[in-house]
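See below for the structure under consideration.
The values are calculated or read from the model by the stated rules, or taken from the named source; none is laboratory data. Owing to the predicted nature of the structure, the values given are computational and were not obtained by experimental measurement. In this analysis, Cβ positions are derived from the backbone assuming ideal geometry, glycine residues included, and neighbour counts consider all displayed protein chains. Calculation scope for accessible area: heavy atoms of the full protein, side chains included, ligands and nucleic acids excluded. Shrake-Rupley method; radii C 1.70, N 1.55, O 1.52, S 1.80 Å.
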Amino acid sequence: MIVSIIGTGYVGLVTGACLASRGHRVRCVDISRERVDAIRAGRVPFYEPGLEALLEDGLASGRLSATSDLAAAISGSEVSIIAVGTPAKGDKPDLSYVQAAAAQIGAALRSHRGYHVVAVKSTVAPGTTSSLVKNTIEAESGLSAGRFGLCMNPEFLREGCAVEDFMNPDRIVIGQWDSRAGDCAEALYDSFECPKLRMSLEEAELTKYASNSLLSTLISYSNELAALCEATPGADIDTVFQGLHLDRRLNPIQGSGRVNPEILAYLRAGIGFGGSCLPKDVNALRVYGQSKGIPVPVLDAVMSTNLRRPEQIVNLAERALDGLPGKTIALLGLAFKAGTDDLRTSPALSILSLLKSRGARVRGYDRMISAQAASTLHLDHYTGDLEGALDSADAAVLTLADPTLAQLDWGRLAARMRSPVLIDGRNALRGVPLPEAVRYYPIGRGGLFPEPASAANPA
Ligand code: NAD
Ligand code: UGA
């Protein structure tokens, strides 16, 4: 099929390159000339494993091209996929990019021959596709829905394994205006083996929000439990989770072993969720609930617990160092999670501003981040060199669940610090033998500090 993809960010470019690898002819469209030029030159403008190779293959085969001329891209194509950003604007998603893309597609459809399906892949609130997107295309094209196809086809990929997720989907969700549109959108995914669910446009929009809200809820629940353990001498979140994770309903027994579903990764203590989607999507669903007069206290609590978490990590550092003013902290990890260079809504950056507001000097380190990206942050110093970040530091705060951290020689690294204090925001070093001199503060463990006399014996 001939497909236009509008927007070449994480979702658009991954979708384009993967569909081209499955034999479709894909035209990638972006308003950013810089992005279009980079794609044409085979350069991926962000870090995503495996994407550059797919992009090169697509360009070499002639099945993938990039342009900033949307009308030319749509001409002769059967499907266009809207994959522009829907960033947070306050608590709501900013739909102006989706609206602008829909208007441009509508205008292009005026002179388009044949049936054309517009599929919204951007994450949008229930009702957006059947109102804002449909009305805009109708107004600009002079066609009514049905004469053009309309679908909502949410994306579930994760940054850092986006290509893998797209190529091996667990499900493909297609919300449809009518079955003709749905059939056409589904044909795009003929070569993908997984359940393909057809539903209403609104159900597809809600399925996407429901998915991200569930992940966020698990994370906040985990962090709330971690905070309870931190306040309970003798309690350790990792032990509590061991007990929880072995519930056969969460982790089914298979033969003599366990399935260990990936969802258990979201039932772990951490520094709170971030990134370009989870916080924005939970907030968008809250606002949607409010607009319908439906209370959503669970989602409210998910957000407020998440907002509190960076502060709990900074409190741990403050107690470990007996105050933060004048102290130098090495902040190890700036991106919103391990394996990406994406800084959007990173909880590590909330930790950074809290540390600074309490008088600490902060040295940032992240091997994925470019010095240019780091220069936009309010760090006292940035380095791509871990040892340099630790030199004469009073403490290090680890913010990434990066398995390579456990393989480092912490004896040698800690020796570079003024005081070898490690605050482990992801429990990445749990179980790693550390030299005796290191003062190690994991999260979710009670009794790290002496209790005030009145609290020590509640009975
Ligand atoms: P992004 O911000 O990385 O990229 C958006 C791109 O769209 C930019 O390159 C921008 O220049 C371009 N653009 C904006 N308006 C345009 C227009 N009128 N015509 C052509 N190009 C235009 O966004 P993203 O992270 O890829 O997310 C896109 C959508 O997918 C969002 O709604 C997001 O919530 C959702 N989503 C994101 C992820 C993820 O992992 N990032 C996963 C699933 C869903
Ligand atoms: C998430 C979802 O996992 C994807 O399914 C979805 O498509 C995407 O959002 C989206 O809509 O954009 P992503 O943001 O790439 O993908 O990252 P995740 O790996 O899910 O992590 C999200 C956040 O939760 C990160 O800040 C991460 O550090 C945090 N997290 C994750 C935890 O704090 N604890 C965990 O146990 C797991």
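For K196, neighbours were defined as the other residues whose beta-carbon sits under 13 Å from its Cβ, and their charges (Lys and Arg +1, Asp and Glu -1) total -3.
Taking every DSSP bridge with both residues inside the chain, close to 15 percent are antiparallel. What's the angle, to the nearest 10 degrees (0 to 90), between helix 51-61's Cα axis and the longest principal axis of the chain? Around 20 degrees separate the two axes. The Cβ shell under 15 Å around Y382 holds other residues with a net charge of -2, Lys and Arg each +1, Asp and Glu each -1.
Altogether, the Stokes-Einstein calculation at 10 °C and 1.306 mPa s, with the Kirkwood radius of region 278-442 over Cα pairs as Rh, returns a diffusion coefficient of 95 µm²/s. Each residue of region 415-427 is assigned a 3J(HN,Hα), and the resulting list reads 5, 7, 7, 5, 10, x, 9, 10, 9, 9, x, 10, 6 Hz, derived from the Karplus form 6.51 cos²θ - 1.76 cosθ + 1.60 (θ = phi - 60°), x at Gly and Pro. Separation of region 81-99 and region 100-134, taken as the distance between their Cα centroids, equals 14 angstrom.
Protection proxy ranking, highest mean first, for peptides 54-60, 217-223, 26-32: 26-32, 217-223, 54-60, where packing is the per-residue count of other beta-carbon atoms within 10 Å, averaged.
Dividing the mean sequence gap of close Cα pairs (under 8 Å, 6+ apart) by how many residues region 278-442 holds gives a relative contact order of 20 percent.
Give the angle, between 0 and 90 degrees and rounded to the nearest 10, that separates the Cα long axis of helix 297-321 from the longest principal axis of the Cα atoms of the chain. Approximately 40 degrees, to the nearest ten. Bridge orientation summary for region 2-194: considering DSSP beta bridges with both residues in this region, about 15 percent are antiparallel. Amide H to amide H, with H built 1.01 Å from N, A119 comes under 5 Å of S80, I81, I82, C151, counting only residues 5 or more places away or on other chains. A helix-only calculation puts the chain at -12000 deg cm²/dmol for mean residue ellipticity at 222 nm, using -39500 (n - 2.57) for each DSSP H run of at least four residues, averaged over all residues.
Relative protection proxy for 308-321, 339-352, from highest mean packing down: 339-352, 308-321 (other beta-carbon atoms within 10 angstrom). Reported to the nearest whole Å, the Cα centre-to-centre distance from region 331-407 to region 4-73 is 31.
In terms of its alpha-carbon gyration tensor, region 88-183 comes out oblate; a/c meets the 1.5 threshold, while b/c is at least as large as a/b. Against the main long axis of the alpha-carbon atoms of the chain, helix 347-357 sits at an angle near 50°. For the chain, the relative contact order comes to 12 percent (Cα pairs under 8 Å, sequence separation of at least 6). For region 56-157, the list of trypsin sites (Lys or Arg not before Pro) that fall in a loop by DSSP and count at most 14 other C-beta atoms within 10 angstrom reads R110, R113, R147.
Restricting the calculation to Cα atoms, every distinct pair contributes to the Kirkwood radius of the chain, found to be 23.9 Å. Counting only Cβ charges, +1 for Lys and Arg and -1 for Asp and Glu, the dipole size of the chain around its Cα centre is about 440 debye. Accessible area per residue for the chain, computed on protein heavy atoms with a 1.4 Å probe, is 44 Å². Comparing T345, Q312, H381 along the charge dipole axis of region 307-383, the residue lying farthest to the positive side is Q312, per the Cβ-charge model. Available extension along the chain between I294 and R147 is 49.4 nm, counting 0.36 nm per residue and deducting the alpha carbon span. For the chain, the carbon plus sulfur part of the accessible surface works out to 52%, probe radius 1.4 Å.
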